[in-house]
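Report on the following structure.
The values are calculated or read from the model by the stated rules, or taken from the named source; none is laboratory data. Please read all numbers here as calculations on a predicted model, not as lab measurements. Glycine gets a Cβ as well: all are built from the backbone with ideal geometry, and neighbour counts include every protein chain shown. With ligands, DNA and RNA removed, areas are computed over all heavy atoms of the protein, side chains included. Shrake-Rupley method; radii C 1.70, N 1.55, O 1.52, S 1.80 Å.
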Amino acid sequence: MHRHALFRKKTRSSGIWLRLLWGFGYFGVTVATLLSVLLLPALLSKFKMQSEENHSFLHQKQVHFIQVTDDVHTQAKTNNSRRSLRSREKHLQNLWRHPPTRGFEPCVSPSKDYSGIENPRGYLLVHANGGLNQMRAGICDMVAVARLINATLVIPQLDKRSFWKDSSTFSDVFDEEYFIKSLEKDIPIVRKLPKELSTALKAHKNFRSWSSAAYYQEEITRLWDDYKVIHAAKSDSRLANNDLPSDIQKLRCRVHYDALRFAPSIEAFGRNLLERMRSKGPFIALHLRYEKDMLAFSGCSHGLSSMQMEELTRIRESTSHWRVKLIDPKEQRLKGLCPLTPKEVGIFLEALGYPSTTRIYIAAGEIYGGNYSMAALQARFPNLLNKELLASPYELAPFRRYASQLAALDYIVSVNSDVFVPSYSGNMARAVEGHRRFLGHWKTISPDRSGLVALFDKLDEGLLEEGPAFSSIVVQLHKRRLGAPRRRRGPLPGTKGRERARSEEAFYTNPLPDCLCQRQTVQSRNDKKSSSLLIATSDA
């Protein structure tokens, strides 16, 4: 009984505590519910704000990262663009830059022992034959010959029987007054043979080609014993290129590069054409020797129709001094003895890196085949200009019927152009190249025709394609053909006699060393190197 009472008492006591605990739990839940109802929106709002702040921060970071990345890419593109622009600018500058002169400059003053002719023994009559530049070189040589034989020179007669049938006289083409005045300390010059000698017996003589000073001083001088007048029937190539007295070589240069000026009207208009070309920046003068007479003379026919080839053959066979031997046109071309065609010139200039916007002055007569022949070149280089496009018919009218006078205009523009490119190494090409060398080795690109022909044939056969690789080959082929200083080449090994003299480089193509000297300011060690190598980086 006692145990049961005690159990009930404990049970009652536990229930009270359970009820109290339940009450507190209910109260806690109620309070928590009330608090959650009251505080949850605030908490949620705060959490949302914090979340938005975090999202905004992350977005800003992402935007900043994107901006930084874009800036890096933009800067990289800008740097690449600048490098590319600098590279293009440097490439363009190199296209127009002249080769280093290595201190070479004209030195044509005579030696201290040099003096004028005091007692000339007779008169030298000269018939200058060939085209303009062939006649110019011949006249310069005849001044030197007059000096060697102690003669008075009569103003030369110009060729009127050549292919061009030009009736120009000496004074029509050259400044006669200046010619006489500038050479008065070298030789006496008269305009006409004195009347008392007009009917005198004359010694008509074809001077031997590429002759030495001794030939004239010994063999020709003997003619004065019987004659007062010696008539030189031809003037071209009558004097050796090398092994002549220094004063004679310097005299040839003084005549060629100074005394033999063009007539004032030609000089003035030539300078006018030059300024019109220069007015829009640098330009190339292209001596495109693709005229009827050159193709007929050389026997070259690549790219011509059968009718054109027949016409050229007729011209060649009807000209006695051209009809020398049968010519194989294919062999001529492979040997580099043919002028480049207009199409080939276009490929060549593009491969060298000249842009299509390059302005090109065509120094030439009428191109054989006209617009049809020029189409491929025009497609690559649309800015082709010539005398007819730069001048009005009225301006050209005084020169129109005279081939030598028109050629003189081209000569002036070509000598003073930024770059000169001849498609063939004829008389004008050689004369212009030499003149540019004399004036400061201005850039003259001499095409390696035999090497280029081999490349052009591979293009035609599909073995090569135009592009960077092809351009690299062409540029490498012409690294040393840009007009840099070098000694004049002597005869080819193994040649003898007349052929030996013929194989020498023409004096007027390269007047070094006779008429060009290095400045004394060049360091002595460089002088020693250049005198032994002259010059390591020579062009062809």
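The residues in region 238-290 that are at pLDDT below 95, touching a Pro at 6+ places or on another chain (Cβ under 7 Å) and surrounded by fewer than 22 Cβ atoms within 10 Å (Cβ to Cβ) can be counted, and the count is 0.
Just to check your reading of the model, which residue among 191, 161, 147, 136 is surrounded by fewer than 16 Cβ atoms within 10 Å (Cβ to Cβ) and either modelled with pLDDT under 95 or within 20 Å of residue 237 (Cβ to Cβ) (or both)?
Values: 191 fails: either modelled with pLDDT under 95 or within 20 Å of residue 237 (Cβ to Cβ) (or both); 147 fails: surrounded by fewer than 16 Cβ atoms within 10 Å (Cβ to Cβ); 136 fails: surrounded by fewer than 16 Cβ atoms within 10 Å (Cβ to Cβ).
Every option except 161 fails the conditions.
Within region 187-201, residues that are under 24 Å from residue 115 (Cα atoms) reach partners that are outside any loop (DSSP other than H, G, I, E, B) and polar (S, T, N, Q) with beta carbons closer than 9 Å, at six or more positions or on different chains, in the pairs 187/152; 188/152; 189/152; 190/152; 191/171. The set of residues in region 207-266 being farther than 30 Å from residue 195 by Cα, in contact with a helix residue (DSSP H, G or I) (Cβ under 7 Å, 6 or more places away or on another chain) and in a loop (DSSP other than H, G, I, E, B) consists of 209, 210, 240, 241, 244, 245.
Apart from one condition, residue 160 fits all of (1) part of a helix (DSSP H, G or I); (2) under 34 Å from the mean Cα position of the chain (by Cα); (3) not small (Gly, Ala, Ser); the exception is (1). Looking only at region 440-472, residues that are touching a residue at least 60 places away in the same chain (Cβ under 8 Å) and not small (Gly, Ala, Ser) come to 13 in all. Among the conditions (1) in contact with a Lys or Arg (Cβ under 6 Å, 6 or more places away or on another chain); (2) open to solvent by less than 40 Å² (accessible area, probe 1.4 Å), the only one that residue 442 does not satisfy is (2). Summed over region 389-414, residues that are without any contact (Cβ under 8 Å) to a residue 60 or more places away in the chain and within 22 Å of residue 481 (Cα to Cα) total 0.
Check 530, 450 and return the single one that is of a type in the set (S, T, N, Q) and either under 22 Å from residue 241 (Cα atoms) or at pLDDT below 95 (or both). Before you say what the answer is, go through the steps one by one.
Numbers: 450 fails: either under 22 Å from residue 241 (Cα atoms) or at pLDDT below 95 (or both).
From the options 530, 450, the qualifying one is 530.
Select from region 426-455 the residues that are more than 10 Å from the chain's Cα centre (by Cα) and part of a loop (DSSP other than H, G, I, E, B) and list them in ascending order. Within region 426-455, 426, 441, 448 qualify.
Number of residues in region 501-515 that are modelled with pLDDT of 90 or more and either in contact with an Asp or Glu (Cβ under 8 Å, 6 or more places away or on another chain) or not hydrophobic (A, V, I, L, M, F, W, C) (or both): the value is 10. All of 171, 167, 111, 162 fail the test of being closer than 19 Å to residue 247 by Cα, out of contact with any strand residue (DSSP E or B) (no Cβ under 7 Å at 6 or more places or on another chain) and of a type in the set (Gly, Ala, Ser), apart from 111.
Within region 489-503, the residues that satisfy the criterion of being touching a residue at least 24 places away in the same chain (Cβ under 8 Å) and either among the β-branched types (Val, Ile, Thr) or open to solvent by 30 Å² or more (accessible area, probe 1.4 Å) (or both) are 490, 498, 502. Within region 104-147, restricting attention to residues that are among the small types (Gly, Ala, Ser) and in contact with a helix residue (DSSP H, G or I) (Cβ under 8 Å, 6 or more places away or on another chain), which residue is farthest from residue 221 (Cα to Cα)? For region 104-147, the residue satisfying everything is 131. For region 172-206, residues that are in contact with an Asp or Glu (Cβ under 9 Å, 6 or more places away or on another chain), assigned to a loop (DSSP other than H, G, I, E, B) and closer than 22 Å to residue 229 by Cβ total 2. Evaluation of residue 371 against the conditions (1) in contact (Cβ under 8 Å) with a residue 24 or more places away in the chain; (2) under 25 Å from residue 456 (Cα atoms) shows that the sole unmet condition is (1). Only one of the listed residues (152, 169) is at pLDDT 95 or above, among the β-branched types (Val, Ile, Thr) and farther than 15 Å from residue 120 by Cβ. That residue is 169.
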